[in-house]
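Asker: A single structure is presented below for examination.
Just so it is clear, none of the values below were taken in a lab; they were calculated from the coordinates. Source: prediction; values computed, not measured. We place every Cβ from the backbone using ideal geometry, glycine too, and count neighbours over all the protein chains shown.
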Amino acid sequence: MPGIASGHRHMGVSQPGAARKQAYRRHIVVLWAMSIRLPVPFLAMLIALGCTACGSSVDGGGDDADAGPPVLQVTPATVTLEVVNGVQVEQAYTVMATTESGELEDVTDSAAFAADNPLLGVFSSQVFRTIGVAGGNSKVRVVYGSASATADITVLVKNDRVEDGVPDNAPNLFDSASDDPALAPSLVYPQTEVYMPPNLGDFEAHWTSAAATDLYELSLASEYAETRLYTAQDASAGAFGSFTPEEWSVVGESARGSDVTIRVRALNSAAPQTVGASEDNTVHLTDTDIKGGIYYWAAAGQLPGGIYRHD
């Protein structure tokens, strides 16, 4: 018994919660023995056996000895942020840990945060800040000591550009106009269902319009990003719109391995109550970049006829 008692002192008392369990078991033994009126010698022996049993439970690796890392709760568990015209958005997170006693403890200041997709934004302590170079969704990973947890974040990016000579309220004109199929323009380039790399660089589209329209909205849209260009042209003989490399990059990076939808809408700036929309053309983006350049032949027109290289 002295050896067992020594082992009990070494393994049990030093464990969190073990002493409380031992005292509880001894108390149960005493109450049971008293209820059946055992003689005092037998009662003393049962108490000693109860202590030994308590020590054996702890020595064998009880619940306290095997307690794992705390359970973390991350808030918000799911969030969607929208970046409009370069105005970045911030989102603060909190982390609560469940202690051994079952209580919740705020451990936000001691936790580490990171997003799987660095193109969506960066963390400064517990605050996530978008950077606007791409949209998409990502896991947010949180670590506190040996415990970890995840949350989901989605970032949407929307950009509008109004060319010089176009009314500043052009986006509002298109958003408030009602549909009129008679004003619908026709996209002629790029053709639908073509494949392009996400690192194409600049991007342009061409269209014709059969109606007397002079104000156009050209849009590139993917699941997580959209860029709209507003331009004023005489499209009776054909018109085009061109996105800058930065504008294309946002859409291209947001849609790697998926699709981009191209659409052009047209209205008459003198009577902007109605608008016509082309059919959507779909461009499939590859998942990887294309290195090098593309050589092509250009007939005489805006450029002298000849062979050109697009990098």
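Asker: Pulled fully out, how much extra length does the chain show between residue 210 and residue 85, if you take 0.36 nm times their separation in residues and subtract their Cα-Cα distance?
Answerer: Additional length available on full extension: 41.8 nm.
Asker: Let me ask something else about it. Starting at 0 and stepping by 10 Å, how many percent of the alpha carbon pairs of the stretch 63-220 end up in each bin?
Answerer: With 10 Å bins starting at 0, P(r) equals 8, 25, 23, 18, 13, 9, 4, 1, 0.
Asker: So between residue 112 and residue 180, what do we pick up on full extension, going 0.36 nm a residue minus the alpha carbon distance?
Answerer: 19.1 nm
Asker: Scale the Cα Rg of the stretch 156-260 by the rule-of-thumb value 2.2 N^0.38 Å and send over the ratio, two decimals.
Answerer: Computed over Cα atoms of the stretch 156-260, the ratio equals 1.08.
Asker: Further question on the same structure: Can you work out ³J(HN,Hα) from phi for every residue in the stretch 173-187, in order, using Karplus 6.51 cos²θ - 1.76 cosθ + 1.60 and θ = phi - 60°, giving whole Hz and x for Gly and Pro?
Answerer: Once θ is set to phi - 60°, the couplings for the stretch 173-187 become 4, 6, 5, 9, 6, 8, 6, 9, x, 5, 9, 5, x, 10, 6 Hz.
Asker: While we're on this one: What ranking, highest mean first, results for peptides 172-183, 130-141 when packing means the other Cβ atoms within 10 Å averaged over each residue?
Answerer: Ranking, from highest mean packing down: 130-141, 172-183.
Asker: Moving on to the next point. 7 Å from Cα along Cα→Cβ at both residue 242 and residue 73: what's the point-to-point distance in nm?
Answerer: 5.6
Asker: Mind giving me the FRET efficiency for residue 92 and residue 191? R0 is 35 Å, r the Cβ-Cβ distance, nearest 0.05 is fine.
Answerer: 0.15
Asker: Just add up the charged neighbours of residue 283: K/R +1, D/E -1, any other residue whose Cβ is under 11 Å from the Cβ of residue 283.
Answerer: Net of charged neighbours comes to -3.
Asker: What do you get when you divide the Cα radius of gyration of the stretch 238-299 by 2.2 N^0.38 Å, with N the number of residues?
Answerer: 1.50
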